[in-house]
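Enquirer: Before anything else, here's the structure in question.
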Amino acid sequence: MPPKVYLDSPPHGDFRAMPARGDDLALLKWVTSFPGNPADGLPVVTGVVCLSSATDGQPLMLLDARSVTALRTGAVAAVAADALARRERGTVGIIGCGLHGAWAARCLAAAGYGPGVCHDPRQDAAAALAAELDWDPGSREQALRCEVVCCVTPGHEIVVEAGDLRPGLHLNMLGADGPGKSEASVGAVASCALFCDEWHQASHGGELTAAIEAGVVTRDQVTELGAVLAGDAPGRPGPESVTLFDSTGLAIQDLAVAAAALEAWREGRVEAQVVRL
């Protein structure tokens, strides 16, 4: 999985090229982040995933990058909570109830977490997600009082301060996916036991970046989630610790979703348009 490549398109947004290979498959995701798009009735994230055979190079499937990204963003929230939160599946706070926040909530609910509190400046979005899951809409402060908190905002404003932290809290920081974005203050980040999906991405364009640039977080203070899942590194230091997981999004996660979609299509469980080349 080579590093994610950014192609800026100022002042509108950026493109990202994300390749990965595994299990005899190879993938390239060409995906965008154009924050001003909703004003024109367009999604912030769009693009295409190209899935190919890694044994003969033949193209196998094209998938909607927006759907794949939303599902894997939600799935990693549940995977990280299982690995890093306290053992009992507790309440969930969702801060940011857009597409990715909704899938984080759905995946956590499917994994047995909840009930939850949904917060968004757009009260209709919070109310709709809460109604879907039989959770409650609420304030930022109410969401932060839950045991597992997912921040899924555009990353342009701080939503978690050091004073918001409580013993036993687990934070999934999902919104800061590029340089200059943060959802937690430097003080809050530095106060947590820190985990990320991939150090290189997180240190250059994730929730950890500002704290690293300020010199208050170093490489040896951050554990990659994969090492925890593989049993090569410890997870939560103790029940009273505050854990923070910085998700920047990995192409290998997209590959897992694409491989599952290909298997479902081959087994006849889903339908898709077929083009013969």
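The values are calculated or read from the model by the stated rules, or taken from the named source; none is laboratory data. Please read all numbers here as calculations on a predicted model, not as lab measurements. Neighbour counts run over all protein chains shown; Cβ positions are idealised from the backbone, glycine included. Heads up: the accessible areas ignore ligands, DNA and RNA and are worked out on the full protein's heavy atoms, side chains in. Shrake-Rupley method; radii C 1.70, N 1.55, O 1.52, S 1.80 Å.
Enquirer: Filter the stretch 79-100 for residues that are part of a helix (DSSP H, G or I), without any contact (Cβ under 8 Å) to a residue 60 or more places away in the chain and open to solvent by less than 40 Å² (accessible area, probe 1.4 Å) and give the result.
Expert: Within the stretch 79-100, none qualify.
Enquirer: Still on this structure, I have one more. With respect to VAL186, is the statement that it is within 21 Å of GLY249 (Cβ to Cβ) and over 12 Å from the mean Cα position of the chain (by Cα) true?
Expert: Criteria not met by VAL186.
Enquirer: Within the stretch 153-168, restricting attention to residues that are part of a loop (DSSP other than H, G, I, E, B) and touching a strand residue (DSSP E or B) at 6+ places or on another chain (Cβ under 7 Å), which residue is farthest from VAL242 (Cα to Cα)?
Expert: Result: THR153.
Enquirer: If a residue has to be in contact (Cβ under 8 Å) with a residue 40 or more places away in the chain and in a helix (DSSP H, G or I) to count, how many in the stretch 117-140 make the cut?
Expert: Number of matching residues: 1.
Enquirer: Are any residues in the stretch 192-214 open to solvent by less than 60 Å² (accessible area, probe 1.4 Å) and farther than 18 Å from VAL160 by Cβ, and if so, which ones? Can you show your working first?
Expert: Narrowing the stretch 192-214 to residues open to solvent by less than 60 Å² (accessible area, probe 1.4 Å): 192-199, 201-203, 205-212.
Result: ASP197, GLU198, TRP199, GLN201, SER203, GLY205.
Enquirer: Can I ask one more? So the check is Cβ under 8 Å with 6+ separation or different chains; which pairs have a first residue in the stretch 148-170 that's open to solvent by 70 Å² or more (accessible area, probe 1.4 Å) and a second one that's in a helix (DSSP H, G or I) and of a type outside the set (Asp, Glu)?
Expert: Sorted first by the residue in the stretch 148-170, then by its partner, the pairs are GLU161/GLY187; GLU161/ALA188.
Enquirer: Return the residues of the stretch 221-277 that are touching a residue at least 40 places away in the same chain (Cβ under 8 Å) and either at positive phi or among the basic types (Lys, Arg) (or both); say none if nothing qualifies.
Expert: Residues satisfying the conditions are ARG236, GLY249.
Enquirer: Let me ask another. Which is more than 15 Å from MET173 (Cα to Cα), part of a helix (DSSP H, G or I) and in contact (Cβ under 8 Å) with a residue 60 or more places away in the chain, of VAL76, VAL68?
Expert: Values: VAL76 fails: more than 15 Å from MET173 (Cα to Cα).
Unique residue meeting the criteria: VAL68.
Enquirer: Would the stretch 228-245 turn up any residue that is modelled with pLDDT of 95 or more, surrounded by fewer than 20 Cβ atoms within 10 Å (Cβ to Cβ) and not in a loop (DSSP other than H, G, I, E, B)?
Expert: The answer is yes, given that some residue of the stretch 228-245 is modelled with pLDDT of 95 or more, surrounded by fewer than 20 Cβ atoms within 10 Å (Cβ to Cβ) and not in a loop (DSSP other than H, G, I, E, B).
Enquirer: Step by step: first the residues of the stretch 253-277, then only those that are of a type in the set (A, V, I, L, M, F, W, C), surrounded by fewer than 15 Cβ atoms within 10 Å (Cβ to Cβ) and assigned to a helix (DSSP H, G or I), then the one that is nearest to the chain's Cα centre (by Cα). Which residue is that?
Expert: Looking at residues that are of a type in the set (A, V, I, L, M, F, W, C), surrounded by fewer than 15 Cβ atoms within 10 Å (Cβ to Cβ) and assigned to a helix (DSSP H, G or I), I get ALA260.
Enquirer: Let me ask something additional. Could you list, in sequence order, all residues of the stretch 28-66 that are within 24 Å of the chain's Cα centre (by Cα) and within 19 Å of ARG266 (Cβ to Cβ)?
Expert: Once the filter is applied, which keeps residues that are within 24 Å of the chain's Cα centre (by Cα) and within 19 Å of ARG266 (Cβ to Cβ), the stretch 28-66 yields VAL49, CYS50, LEU51, MET61, LEU62, LEU63, ASP64.
Enquirer: Would you say ALA188 is open to solvent by 10 Å² or more (accessible area, probe 1.4 Å) and touching an Asp or Glu at 6+ places or on another chain (Cβ under 7 Å)?
Expert: no
Enquirer: Report the residue count in the stretch 189-219 for those that are among the charged types (D, E, K, R) and over 21 Å from LEU250 (Cα atoms).
Expert: So the first thing to find is which residues in the stretch 189-219 are among the charged types (D, E, K, R), and the list is 197-198, 207, 213, 219.
From the residues that got through so far, the ones that are over 21 Å from LEU250 (Cα atoms) too are 213.
Matching residues across the stretch 189-219 total 1.
Enquirer: Same structure, new question: Cβ-Cβ distance below 8 Å, separation of 6 or more or different chains: which pairs start in the stretch 187-204 with a residue that is in contact (Cβ under 8 Å) with a residue 40 or more places away in the chain and end on one that is open to solvent by 30 Å² or more (accessible area, probe 1.4 Å) and part of a strand (DSSP E or B)?
Expert: LEU194/THR223; PHE195/THR223; PHE195/GLU224; CYS196/THR223; CYS196/GLU224; ASP197/GLU224; GLU198/GLU224
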